[in-house]
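Notes follow once the structure below has been shown.
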Amino acid sequence: KTKVARIMNSAFRRTFDLACAMMGLVVLSPIFLIVIAAIKLEGGGPVFFSQPRIGKGLGKFRILKFRTMRPSTGEASLLTSPEDPRVTRVGRFLRKHKVDELPQLVNVVRGEMQLVGVRPQVECFVEAFHHEYEELLRDRPGITDPATMAFRNEEKLFQAGPLEMQY
């Protein structure tokens, strides 16, 4: 592709993602309110979970999700094991139906993510596979991608033992 075509394609994609994310935030706002109430009723604490992730050009940003686990009480695994006791009852429902990911529409509006693209990763895994992620994250990461669909129930793939090694 020519440089002009790449710029036009990028501008079109950003406009499309921005319009869809803004429309999604408006249309889904009733669901957001229900989820916020459910999280608060289940035990209070923060409604949102924010975590540093690596995005476009290996730059850092904070991903936003609905909180699905009990508030952190110290160092814990970055990965969720099957039947992880940290996951709340509401959190299990949100994860099962991928509703916990909806706040990432805000990341799309901010320009940190796009609707479809490689998932953003935590820094330790990017460091372990630096060259691969350098290639994968040439563009903004996405809310969804083919791997997200293929590994929809990721925690069920893990077995007893160190989760990071299995990942």
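The values are calculated or read from the model by the stated rules, or taken from the named source; none is laboratory data. Keep in mind the model is a prediction, meaning the values are calculated, not measured. Please note: Cβ atoms are built from the backbone with ideal geometry, for glycine as well, and neighbour counts cover all protein chains shown. Each accessible area value is taken on the protein alone, full model and side chains, heavy atoms only, with ligands, DNA and RNA left out. Shrake-Rupley method; radii C 1.70, N 1.55, O 1.52, S 1.80 Å.
Quick notes
- Test: ALA21 is at pLDDT below 95, in a helix (DSSP H, G or I) and either surrounded by 12 or more Cβ atoms within 10 Å (Cβ to Cβ) or more than 19 Å from the chain's Cα centre (by Cα) (or both): no
- Selection of the stretch 24-34 for residues being part of a helix (DSSP H, G or I), under 19 Å from LYS96 (Cα atoms) and open to solvent by less than 50 Å² (accessible area, probe 1.4 Å) yields only PHE32.
- Count of the stretch 35-59 residues which are aliphatic (A, V, I, L, M), more than 13 Å from GLY91 (Cα to Cα) and either in a helix (DSSP H, G or I) or free of Cβ contacts under 8 Å to residues at least 60 places away in the same chain (or both): 1
- Boolean, GLU134 is assigned to a helix (DSSP H, G or I) and of a type in the set (D, E, K, R): yes
- Tally of residues being under 22 Å from LEU94 (Cα atoms), open to solvent by less than 70 Å² (accessible area, probe 1.4 Å) and either among the hydrophobic types (A, V, I, L, M, F, W, C) or modelled with pLDDT under 90 (or both) across the stretch 116-152: 6
- Restricting attention to the stretch 96-127, the residues that are more than 19 Å from LEU18 (Cα to Cα) and out of contact with any helix residue (DSSP H, G or I) (no Cβ under 9 Å at 6 or more places or on another chain) total 4.
- Screening the stretch 1-18 for residues that are part of a helix (DSSP H, G or I) and of a type in the set (Lys, Arg) and picking the one that is farthest from GLN104 (Cα to Cα) gives LYS3.
- The residues of the stretch 58-83 that are at pLDDT below 95, more than 15 Å from the chain's Cα centre (by Cα) and within 19 Å of CYS124 (Cβ to Cβ), listed by number, are SER72, GLY74, GLU75, ALA76, SER77, SER81.
- Test: VAL90 is assigned to a helix (DSSP H, G or I) and open to solvent by 70 Å² or more (accessible area, probe 1.4 Å): no
- Filter pass, ARG6 being under 19 Å from LEU102 (Cα atoms) and either surrounded by fewer than 11 Cβ atoms within 10 Å (Cβ to Cβ) or among the basic types (Lys, Arg) (or both): no
- Cβ pairs under 7 Å, 6+ apart, first in the stretch 94-120 and under 18 Å from SER29 (Cβ atoms), second basic (Lys, Arg) and surrounded by fewer than 22 Cβ atoms within 10 Å (Cβ to Cβ): ASP100/LYS65; GLU101/LYS65; PRO103/LYS65; GLN104/LYS65
- Residue that is nearest to ARG110 (Cα to Cα) [pool: residues in the stretch 24-43 that are modelled with pLDDT of 95 or more and of a type outside the set (A, V, I, L, M, F, W, C)]: GLY24
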